[in-house]
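Visitor: Structure provided below as structure tokens; questions to follow.
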Amino acid sequence: MTTTVAPRARAGRDRRPVWEEPPTRIGQGLKAVFLALLVLSVLFPLWVILVTSLSSRETLAEAGGLVVVPRGIDTAAYETIFAGGAVTRALWISTLVTVIGSALALTVTVLAAYGLSQPRSVGYRWLLIYFLIPFLVYPPLVPKYLVVTGLGLKDTIWALILPPAISVFNLVVVRGFFQGIPQELLDSARVDGASHFRTLLRIVLPLSRAVIAVVGLFYAVSYWNVWFDALLFIDRNDMYPIQRVLQSYLLAGQAPHTSGGTTGVSMPPTEAIKMAVVVLTVAPIVAVYPFIQRHFIKGVLIGAVKG
């Protein structure tokens, strides 16, 4: 006696998942509309900020605040900002903190990740647990403030650089990438007489450009956007980073103080100055990101998967 399989049951077994079905025109159209709305939701606020910062007093008065459609270009807000010393000095301090902090953080992260990625390292498991503790439980602010103040770092740029000098998340990502490098390659370098530092500089780092570029971007954005540490540790106005200055303008609504009295520029509306400071705050990150975009997804995915 022979049995046959019902066609309906076979069709049910052969049915593919939804995500493996060939795309339809309706589905493609809905995806295009969704992505277009997503892009518009990101670009529209940036457009409004830029247009408002370049608007004249009359245009802002007619619009009643923020401007969507430009009616000419007026750079009075930027001229007033650069004529004074507050924003210019804050941009310089933020740039200094970002450059020094990113270089220091990358150095510490790479050295720690290389040591923790080597199975022959003494106590590397306990060290990794030690690094993970503050990642899981955020340290209290009062001890952090007392340590920074006790070391004499208050009202210096080192109060903004040293506390966030290493990120456990970035450390885990870089460590995972280093663990993916073939151990035979490192062993052959040691057989040839290369030290750990020489192996790191000549073999590991050239193979890790993608993840280093991504982690460097993470650190740079973190240092550029430092605000809370500046609120805690910086009391001098001449040591404010750009984010702290931006906060004072957005909350207090005051225009930048000009050095030397009159600047010969008509004082622009307060909204124009606020938006101009926002543009100067966002512009450096937007300008740097396209140069390392091709490394971004590759570095994060490889480091995360191998970790």
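Visitor: Could you tell me whether the range 219-229 includes any residue that is closer than 22 Å to P134 by Cα, touching a Phe, Trp or Tyr at 6+ places or on another chain (Cβ under 7 Å) and without any contact (Cβ under 8 Å) to a residue 40 or more places away in the chain?
Guide: no
Visitor: Take the residues in the range 210-228 that are of a type outside the set (V, I, T) and more than 20 Å from L96 (Cβ to Cβ), then tell me which one is modelled with the lowest pLDDT.
Guide: A210
Visitor: Output the number of residues of the range 164-202 satisfying the condition of being surrounded by fewer than 16 Cβ atoms within 10 Å (Cβ to Cβ) and hydroxyl-bearing (S, T, Y).
Guide: 2
Visitor: Any idea which of (1) buried (at least 18 other Cβ atoms within 10 Å of the Cβ); (2) hydrophobic (A, V, I, L, M, F, W, C); (3) more than 22 Å from F228 (Cα to Cα) is the one I161 doesn't satisfy?
Guide: Just one mismatch for I161, condition (3).
Visitor: Restricting attention to helices (runs of 4 or more DSSP H) lying wholly within the range 72-140, give those where 2 or more residues are small (G, A, S) and surrounded by 18 or more Cβ atoms within 10 Å (Cβ to Cβ).
Guide: Helices (runs of 4 or more DSSP H) meeting the threshold: 76-83, 86-117.
Visitor: Across the range 187-200, which residue is nearest to V110 (Cα to Cα) among those that are of a type in the set (G, A, S) and assigned to a helix (DSSP H, G or I)?
Guide: A189
Visitor: Among the residues of the range 146-186, which ones are at positive phi and not in a loop (DSSP other than H, G, I, E, B)?
Guide: Across the range 146-186, there are no qualifying residues.
Visitor: Would it be correct to say that G123 is within 25 Å of S248 (Cα to Cα) and in the same structural domain as Q179 (by TED's automatic domain parsing)?
Guide: No; evaluated as a whole, the condition is false for this residue.
Visitor: Shifting gears a bit: Scan the range 230-245 for residues that are in contact (Cβ under 8 Å) with a residue 40 or more places away in the chain, hydrophobic (A, V, I, L, M, F, W, C) and either assigned to a helix (DSSP H, G or I) or outside the structural domain of T281 (by TED's automatic domain parsing) (or both) and jot them down.
Guide: Passing the criteria: A230, L232, F233, M239, I242, V245.
Visitor: Something else about it: Would you say T107 is modelled with pLDDT of 90 or more, assigned by TED's automatic domain parsing to the domain that holds L280 and either closer than 30 Å to R236 by Cβ or not basic (K, R) (or both)?
Guide: yes
Visitor: Looking for whichever is assigned to a helix (DSSP H, G or I), under 29 Å from the mean Cα position of the chain (by Cα), farther than 22 Å from V282 by Cα and without any contact (Cβ under 8 Å) to a residue 60 or more places away in the chain here; the options are F34, F44. Which one fits?
Guide: Result: F34 is the single residue among F34, F44 that is assigned to a helix (DSSP H, G or I), under 29 Å from the mean Cα position of the chain (by Cα), farther than 22 Å from V282 by Cα and without any contact (Cβ under 8 Å) to a residue 60 or more places away in the chain.
The values are calculated or read from the model by the stated rules, or taken from the named source; none is laboratory data. All values derive from a computational prediction rather than experimental measurement. FYI the Cβ positions are ideal-geometry reconstructions off the backbone, even for glycines, and counts take in every protein chain you see.
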